[in-house]
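Report on the following structure.
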Amino acid sequence: MGFKDMVKSDIANVIMNSEEFAELHTVRYDGEVYEKIPIVLQKVKQSDRPVAQNDRMEGVFLVSAVAYIHENDLNGVIPEQGQRFEIDD
């Protein structure tokens, strides 16, 4: 087994394993719903959003995160960067 094969095996059997790192979530993307798929969320960051001079919405924050999802769990669909998708929680 070569290095690339070992990495693929580790991703599938360790990283994306819901008993190790991943958590099961439901994802909605591009009109499709993917039920209880393993996802690893990383770098959840909350920061103040840019505020325009005429904007009076206080207490609203921008939250961003990176979601690692195996493409097989999205039926081969790879979301484009910057596209919106929903995770159940």
Self-check item: Conditions (1) within 19 Å of Glu80 (Cα to Cα); (2) surrounded by fewer than 11 Cβ atoms within 10 Å (Cβ to Cβ); number of the one not met by Lys4
Solution: (1)
Practice problem: Exactly one condition in (1) open to solvent by 100 Å² or more (accessible area, probe 1.4 Å); (2) under 11 Å from the mean Cα position of the chain (by Cα); (3) at pLDDT 85 or above is not met by Val44; state its number. | Solution: (3)
Self-check item: Enumeration of residues in the stretch 1-36 that are closer than 12 Å to Ala67 by Cα and among the β-branched types (Val, Ile, Thr)
Solution: Val27
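Could you check the stretch 10-32 and list, in sequence order, the residues that are part of a strand (DSSP E or B) and open to solvent by less than 70 Å² (accessible area, probe 1.4 Å)?
Correct list: His25, Thr26, Val27, Tyr29.
The values are calculated or read from the model by the stated rules, or taken from the named source; none is laboratory data. All of these numbers come straight from a predicted model, not from anything done at the bench. A quick note on method: Cβ atoms are made from the backbone with ideal geometry, for glycine too, and the neighbour counts reach across all protein chains shown. We work out accessible area using only protein heavy atoms, side chains counted, and drop any ligands, DNA or RNA first. Shrake-Rupley method; radii C 1.70, N 1.55, O 1.52, S 1.80 Å.
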